[in-house]
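Q: Below are the structure tokens for one structure; questions will follow.
The values are calculated or read from the model by the stated rules, or taken from the named source; none is laboratory data. All figures in this text were calculated on a predicted structure; none of them were measured in a lab. Positions of Cβ are generated from backbone atoms using ideal geometry, with glycine treated the same way; all protein chains shown enter the neighbour counts. These area figures cover heavy atoms from the full protein model, side chains too; ligands, DNA and RNA do not enter into them. Shrake-Rupley method; radii C 1.70, N 1.55, O 1.52, S 1.80 Å.
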Amino acid sequence: MNHLSNQTSKIEFNLYQPHANQIKVHASKARYRVIVGGRRFGKSALVLNEALARAFQLRDQIIWIILPMFRQAKEIYWIDPDITKYFMPYVQAGLIRVDKSELSLHILSTNSYIRLKGSDNYDSLRGAGIDLIIWDEVADVKKEAFDTIKPALADSPNHRVLYIGTPKGLNWFHDFALKGDHNNLIPTYEKQVKRDPEWETWHFTSYDNLAWPEGSYEREMFVSYIDKEREEAVEKGTLSFFNQEYMASFEEGAGMYFSTWSHKTHVIPPFIPLPGSFIIGGMDWGYTAPFAFNLSVVEKVFNENKPFYRVKTFFEVYGTNKKPEEWSDTIKEKLKTYKLKLEDISWIQADPAMFNKGTDGAICIKDQFVSADPRWSRILKPAVNDRIPGWINMRTWMSKAPDGIPYWVITDTCTALASEIINATFDENNPEDLAGDFDHCLDQQRYQLRALKHIDAKTGKLLSKDEREAKQDQFFKDVKDAGKMITIDPDRFKR
Ligand SMILES: Nc1ncnc2c1ncn2[C@@H]1O[C@H](COP(=O)(O)OP(=O)(O)OP(=O)(O)O)[C@@H](O)[C@H]1O
Ligand SMILES: [Mg+2]
């Protein structure tokens, strides 16, 4: 790298001089390098200069720098003067020719190319003979893009890949980072890790940008800016976001729409409901798009101030390409394994579109269920379909009740539901809303929880079994003393 700055040291250009932490990455010989870096560490400067160094030193190189979006690639590497300053002097000196329409740099002395790309355009990711691929902002790249590029690497036996970015929850960037983490610097969060000798990972916080000497005005301003961000985050209760962005730490909840959800606290082993349980459900209709159906039991938990409800989602039917009568049979069959029948279900909040006639006058989906089995008629109800209040309500149900267990839990058999919860992220265009490739189980869950009153029992204290029984005994004694005891035939409770 240093040869670049040496070569041009006579000219008064502000060319790249890698700082001590950037040097560690440039010096590595690993085929796959992963740099987990905080905001403003110098990630983009590092990768652009790695690309320039290679392109100036080796003949006929093809180097791609890929960002999540083409628009971003343009903004960062083509417009931002803090980054363009690293190659513009070469352009002005006639050593590099730029192609504005395809955002590429042609290094004339070596016939090497550096091209800028966006992962939002898969077609642009097809190519052959690529020598170096650089992924910037890896955590935001569309996951399919990594697969699209694999064939292009297969016929480039000497290829090198550099993954650089700031963490976003525990997504694929976390997986890449773990592969090369030979010194166990990055928490695994119980993921199964296969370390690979061809991979090397570094971890740098924003403070590790050593571009300015200790004690200099620039360094002080830089550090005090980040310190201030931290203070604000503590005040606002967004420390995990600060830790992710500036400390480059992989935070379990950050970036997730349902950030309080955790497998440890919200997922329980499977169970069969007790006879007489209060059972509710939700249904989201789809034929080519997935169909989602989940059932929950609602339990009353005794609490000093007010008892509250706990919802345990325990049953899931999910899939595509089945007609209502087929789903009806699938559901009835599966209910048997839980010793349940359709009449044990109190209600199902269903996709309101299921109650509309088809445009060609075809009978509505709800009626198709009813003609498959008339017992659907009593239980299927059109759900309230207001997305944002519904999501907020769902988050409330995920919060912890006084006994330390969330108000809403699911069994580990509800795999589609769990996966949709974990993968839901914020909608970029409407941050109050949720974006996820799949939200069918989430929709049905939103319907069912929306129809059930959430009772906030935060202030209460949970009664022990003895206290609860004593309280109940006292109640019956009071009623009896008042001569108001009514007797109920115990057979009425039998099924
Ligand atoms: N070695 C260096 N010498 C001098 N300045 C540097 C060096 N490396 C980076 N910088 C400067 O630090 C700032 C941040 O660099 P850069 O944009 O590369 O960081 P980044 O980690 O990609 O930031 P972001 O998280 O915003 O994408 C820029 O102004 C850049 O010019
Ligand atoms: Mg950057």
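Q: What are the pairs with Cβ atoms under 8 angstrom where one residue, in region 41-63, is more than 13 Å from ligand 2 (Cβ to nearest atom) and the other, located anywhere, is basic (Lys, Arg) and part of a helix (DSSP H, G or I)? Sequence gap at least six, or different chains.
A: Going by the 8 Å Cβ cut-off, the qualifying pairs are Gln61/Arg54; Ile63/Arg54.
Q: So the check is Cβ under 8 Å with 6+ separation or different chains; which pairs have a first residue in region 125-148 that's of a type in the set (Lys, Arg) and a second one that's open to solvent by 60 Å² or more (accessible area, probe 1.4 Å)?
A: Sorted first by the residue in region 125-148, then by its partner, the pairs are Arg126/Pro151; Lys142/Asp120.
Rundown of residues vs (1) more than 16 Å from ligand 1 (Cβ to nearest atom); (2) farther than 25 Å from Phe250 by Cβ; (3) under 22 Å from the mean Cα position of the chain (by Cα), yes/no style:
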| residue | (1), (2), (3) |
| --- | --- |
| Trp78 | no, yes, no |
| Leu125 | yes, yes, no |
| Asp155 | yes, yes, no |
| Arg160 | yes, no, no |
| Ile164 | no, no, yes |
| Pro167 | no, no, yes |
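Q: Quick one: in region 87-124, which of the residues that are without any contact (Cβ under 8 Å) to a residue 12 or more places away in the chain and among the acidic types (Asp, Glu) is nearest to Lys74 (Cα to Cα)?
A: Among those residues, the one meeting the criterion is Asp99.
Q: Another one. Considering Ala139, Ala145, which residue is of a type in the set (A, V, I, L, M), in contact with a helix residue (DSSP H, G or I) (Cβ under 9 Å, 6 or more places away or on another chain) and within 16 Å of ligand 2 (Cβ to nearest atom)?
A: Exactly one of Ala139, Ala145 is of a type in the set (A, V, I, L, M), in contact with a helix residue (DSSP H, G or I) (Cβ under 9 Å, 6 or more places away or on another chain) and within 16 Å of ligand 2 (Cβ to nearest atom), namely Ala139.
Q: Answer with yes or no whether Ala20 is of a type in the set (Gly, Ala, Ser) and within 13 Å of ligand 1 (Cβ to nearest atom).
A: yes
Q: Somewhere in region 366-374, is a residue within 20 Å of Phe315 (Cα to Cα) and part of a helix (DSSP H, G or I)?
A: yes
Q: While we're here: Which residues, counting only those in region 419-469, are more than 23 Å from Ala350 (Cα to Cα) and acidic (Asp, Glu)?
A: Asp427, Glu428, Glu432, Asp456, Asp466, Glu467, Glu469
Q: Taking region 406-455 on its own, how many of its residues are closer than 24 Å to Leu380 by Cα and assigned to a loop (DSSP other than H, G, I, E, B)?
A: Adding up the residues that qualify gives 8.
Q: Only one of these is within 16 Å of ligand 1 (Cβ to nearest atom) and within 23 Å of the chain's Cα centre (by Cα): Ala211, Ala248. Name it.
A: Every option except Ala248 fails the conditions.
Q: Let me ask something additional. Only one of these is modelled with pLDDT of 90 or more and under 30 Å from Asn184 (Cβ atoms): Ile114, Ile79, Ile130, Ile35. Name it.
A: Ile35
Q: Follow-up. Out of Thr201, Thr188, which single residue is modelled with pLDDT of 95 or more and either β-branched (Val, Ile, Thr) or in a strand (DSSP E or B) (or both)?
A: Of the residues listed, the single one that is modelled with pLDDT of 95 or more and either β-branched (Val, Ile, Thr) or in a strand (DSSP E or B) (or both) is Thr201.
Q: While we're here: Can you name the residue in region 364-410 that is over 25 Å from the mean Cα position of the chain (by Cα) and under 30 Å from Asp427 (Cβ atoms) and is also surrounded by the fewest Cβ atoms within 10 Å (Cβ to Cβ) among such residues?
A: Val384
Q: Out of all the residues in region 415-452, which are in contact with a helix residue (DSSP H, G or I) (Cβ under 6 Å, 6 or more places away or on another chain) and open to solvent by 60 Å² or more (accessible area, probe 1.4 Å)?
A: Once the filter is applied, which keeps residues that are in contact with a helix residue (DSSP H, G or I) (Cβ under 6 Å, 6 or more places away or on another chain) and open to solvent by 60 Å² or more (accessible area, probe 1.4 Å), region 415-452 yields Glu432, Phe438, Arg450.
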